[in-house]
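Here the structure comes first, spelled out in structure tokens, and everything after it is commentary.
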Amino acid sequence: MSRYHETYAAWKQDPAGFWAEAAKGIDWETPWTDVYAKVEGLDRWFVGAELNTCWNAVDRHVKAGHGGRLAVIYDSPVTGAKAQYTYNQLLDEVATLAAALEDLGVRKGDRVILYMPMIPQALFAMLACARLGAVHSVVFGGFAPPELATRINDAKPRAIMTASCGIEPNRVIPYKPLLDQALDIAAHKVEACVVFQRGQVAAELKTGRDHDWDGICRVARGFGRKAGCVPVKATDPLYILYTSGTTGQPKGVVRDNGGHAVAMKWSMDNIYNIKPGEVFWAASDVGWVVGHSYIVYAPLIQGAATIVFEGKPVGTPDAGAFWRVIAEYRVSALFTAPTAFRAIRKEDPEGHFIRKYDLTAFRTLFLAGERADPETVKWAEEMLKVPVIDHWWQTETGWTIAGNPVGLGMLPVKHGSPSVAMPGYDIRVLDEGGHEVPRGKLGAICVKLPLPPSCLPTLWNNDGRFRKSYLSHFPGYYETADAGYMDEDGYLYIMARTDDIINVAGHRLSTGGMEEVLAGHPNVAETAVIGIADPLKGQVPVGFVVLKSGVARPAAEIEAECVTRIRDKIGAVAALKTVVVVPRLPKTRSGKILRATMRKIAGREEFKTPATIDDPAILDEIRAALASKGIGV
Ligand code: COA
Ligand code: AMP
């Protein structure tokens, strides 16, 4: 029998008592005055309390006598490198790096941007910032210089930490030239850059500003300097993580220290069912929220071991990569995106690779980041013979909104649903007028305020945008921007975004942001970018451009330039491979581009020609343009 229902009811009856009890799993420097309070109009958790997140993730395990336990496992099929760090070694690395950052002037409250590949140093850097009370902001290594520059301008970091390169299966990507370009574009001037030199590429360091990572750590070590944990307020920011909004300007999601630590710990016990000393693997990237929560903070706060995997589910070297890692490190639970499983299934539909490895330690597969399509879930269940748990969450929340809490005892799985609301989340499905819709009926999925611990209290330096983006449409609720329905048993079904966000291989991207970039092409007058269904990545973007009058260049040339432009300005991760020149875009008489209708044409879905359309003939032009690219035929 699952304890889910009684646990959820206990939270509902006494939210403050529930979270105070959960908070016992965390070491506090100073206790709170209020478990929950409104501070300057914002919902805040553990007000008045002080703690240090790095202490909770590292030091306390060493102090408790578990320093010899494995903390970080690095496995890099793209370089052939492997390494392991115990909690003792992790503490040494992190305290030394933090001392070196202190020497560079980094202090509590300063921001530090990390532009890092998937190497253990990325974790050391995050934890070193947390140790000093500095606020890290990790920028995914696949983002191009203009995206990095936007984040530099918004976060105004004192320092930036990077590595000399990232490694994709088909190429080595020197990071330093990208960082230098970003710093040239950015208005904010950065005092110090710390560069980890990897064997594959040597980065050129500029005198004065740039510092060699190993060099500054050697100096700190030479002086026997190690930084202690600086207590911060529970409500102080631990990190800022930028995520796609509806424009090219990303949203700086703020995560505070106290609520985050409590939710991370609660989730490891009750959702993931991971015990201290076990191995937990989130096959994501530290640049995404899954990486923050479940590669770094939650497993370490729990005293478990985490895996830093620098590879892909397929091609590094084959579709057995995940099973090899699970067997080699006796992984208890894997957390990844459904797209990774679609990629594996495509290469190894019969599961031949799975049977080559000893997966006896493996208990549960968790999926999130995009809708888990029932076919993929069923395949994974059949092949792995373990529970496959879909769960739904967002960068904004940092942990599960709806899931199936294995630690509380699993509820029945319903394919296509990430299951039920977690304690802390009072989920309501609303119509446009803000009224609850009947069970089974589609609506806007919202969370009744306040949001639980770990969820964003605000956006970095932008309370106004926070309120406007999330709280204004449905007063009294947080708007998730996901649409879906709830069934009679309280199971949720997440069907679509209500904004212009698309989900490409588990990566969250803004089509509005891509349109802004395409509109910057000198020959382009108008653009529309839509997400279309893709059997591997879930969705991929397709761009339409209307040329300025008088442009006589070949369409193919401009289309190719548009594709390159997106790679250069946003990054390869946007995966925009198709851009098509069209004579005009379908619009309503008031000038609104009919993107939903274009999506339906691309997906060969039934649709009614909108009554307000300016000229229905344009839809045939769009159909023909898509067909010329092999789409919608
Ligand atoms: N640095 C630089 N470039 C990167 C990058 C990084 N950290 N990560 C991805 N890219 C590039 C890739 O090289 C690729 O470039 P290309 O167009 O020149 O080939 C492009 O961005 C798209 O990458 P990706 O989304 O990884 O697609 P893929 O086709 O290489 O691989 C999958 C497809 C499904 C195997 C892969 O997307 C995957 O493993 N996804 C898991 C998703 C995930 O971890 N999501 C996080 C949330 S849980
Ligand atoms: P991100 O902020 O990158 O984690 O993306 C969050 C968005 O991804 C959500 O708003 C959903 O649209 C989608 N998403 C994440 N997990 C799931 C899931 N389990 N099922 C359906 N959609 C999901």
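The values are calculated or read from the model by the stated rules, or taken from the named source; none is laboratory data. Note that the structure is predicted; figures quoted are calculated from it, not measured. Here Cβ is always computed from backbone atoms with ideal geometry, including for glycine, and neighbour counts include all displayed protein chains. Keep in mind that these areas ignore ligands, DNA and RNA; they rest on the heavy atoms of the full protein, side chains included. Shrake-Rupley method; radii C 1.70, N 1.55, O 1.52, S 1.80 Å.
Quick look at the numbers
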| item | result |
| --- | --- |
| The lone exception for THR395 - which of (1) within 16 Å of ligand 1 (Cβ to nearest atom); (2) part of a strand (DSSP E or B); (3) of a type outside the set (A, V, I, L, M) it fails | (2) |
| Residue among ALA144, ALA130 that alone is within 11 Å of ligand 1 (Cβ to nearest atom) and modelled with pLDDT of 95 or more | ALA144 |
| Positions within the range 60-80 being within 27 Å of PRO169 (Cβ to Cβ) and free of Cβ contacts under 8 Å to residues at least 24 places away in the same chain, in sequence order | GLY80 |
| Filter result for the condition that a residue is more than 16 Å from ligand 2 (Cβ to nearest atom), hydroxyl-bearing (Ser, Thr, Tyr) and either under 21 Å from the mean Cα position of the chain (by Cα) or on the phi < 0 side of the Ramachandran plot (or both), over THR498, THR511, THR527 | THR527 |
| Those residues of the range 368-393 which are surrounded by 21 or more Cβ atoms within 10 Å (Cβ to Cβ), over 16 Å from GLY538 (Cα atoms) and among the β-branched types (Val, Ile, Thr), in sequence order | VAL388, ILE389 |
| Top-ranked residue of the range 469-482 - restricted to ones that are more than 13 Å from VAL429 (Cα to Cα) and under 22 Å from the mean Cα position of the chain (by Cα), ranked as farthest from ligand 2 (Cβ to nearest atom) | LEU471 |
| Positions within the range 203-234 being in contact (Cβ under 8 Å) with a residue 60 or more places away in the chain, open to solvent by 20 Å² or more (accessible area, probe 1.4 Å) and outside any loop (DSSP other than H, G, I, E, B), in sequence order | HIS211, ILE216, VAL219, ARG221, LYS233 |
| Test: residue in the range 509-523 that is within 27 Å of ALA149 (Cβ to Cβ) and in a strand (DSSP E or B) | yes |
| Condition check for GLY199: away from ligand 1 (no atom under 16 Å from the Cβ) and at pLDDT below 95 | no |
| Test set (1) touching a residue at least 40 places away in the same chain (Cβ under 8 Å); (2) of a type outside the set (Val, Ile, Thr); (3) more than 16 Å from ligand 1 (Cβ to nearest atom); (4) closer than 20 Å to GLU479 by Cβ - LEU411 fails condition number | (4) |
| The one condition in (1) assigned to a loop (DSSP other than H, G, I, E, B); (2) open to solvent by less than 30 Å² (accessible area, probe 1.4 Å) that PRO475 fails to fulfil | (2) |
| Residue match in the range 319-337 (condition: surrounded by fewer than 21 Cβ atoms within 10 Å (Cβ to Cβ) and either farther than 27 Å from VAL72 by Cβ or of a type in the set (A, V, I, L, M) (or both)) | yes |
| Single condition ALA321 does not satisfy, out of (1) touching a residue at least 24 places away in the same chain (Cβ under 8 Å); (2) more than 25 Å from the chain's Cα centre (by Cα) | (2) |
| When residues of the range 495-534 are limited to those that are under 21 Å from ALA625 (Cα atoms) and open to solvent by 40 Å² or more (accessible area, probe 1.4 Å), the one nearest to ligand 1 (Cβ to nearest atom) | ASP534 |
| Number of the exception - GLU488 against (1) of a type outside the set (Phe, Trp, Tyr); (2) open to solvent by 30 Å² or more (accessible area, probe 1.4 Å); (3) outside any loop (DSSP other than H, G, I, E, B) | (3) |
| Pair list, Cβ < 8 Å and 6+ apart or interchain, from the range 366-393 residues that are more than 25 Å from ILE502 (Cβ to Cβ) to residues that are within 13 Å of ligand 1 (Cβ to nearest atom) and open to solvent by less than 10 Å² (accessible area, probe 1.4 Å) | LEU384/LEU365; VAL386/LEU365; PRO387/LEU365 |
| 2 or more residues open to solvent by 10 Å² or more (accessible area, probe 1.4 Å): qualifying strands (runs of 3 or more DSSP E) within the range 89-194 | 165-168, 171-174 |
| Odd one out for LYS356 among (1) touching a Lys or Arg at 6+ places or on another chain (Cβ under 9 Å); (2) closer than 30 Å to VAL172 by Cβ; (3) within 16 Å of ligand 1 (Cβ to nearest atom) | (3) |
| Residues satisfying the stated conditions in the range 243-296, i.e. open to solvent by 10 Å² or more (accessible area, probe 1.4 Å), modelled with pLDDT of 95 or more, more than 16 Å from ligand 2 (Cβ to nearest atom) and over 18 Å from ARG60 (Cα atoms) | ASN270, ASN273, VAL279 |
| Single unsatisfied condition, TYR36 versus (1) surrounded by 24 or more Cβ atoms within 10 Å (Cβ to Cβ); (2) of a type in the set (Phe, Trp, Tyr); (3) closer than 30 Å to ARG467 by Cα | (1) |
| Residue within the range 553-564 that is part of a strand (DSSP E or B) and either surrounded by 21 or more Cβ atoms within 10 Å (Cβ to Cβ) or in contact (Cβ under 8 Å) with a residue 40 or more places away in the chain (or both) present | no |
| Checklist (1) out of contact with any helix residue (DSSP H, G or I) (no Cβ under 6 Å at 6 or more places or on another chain); (2) outside any loop (DSSP other than H, G, I, E, B); (3) of a type in the set (Gly, Ala, Ser) applied to ALA71, failing item | (1) |
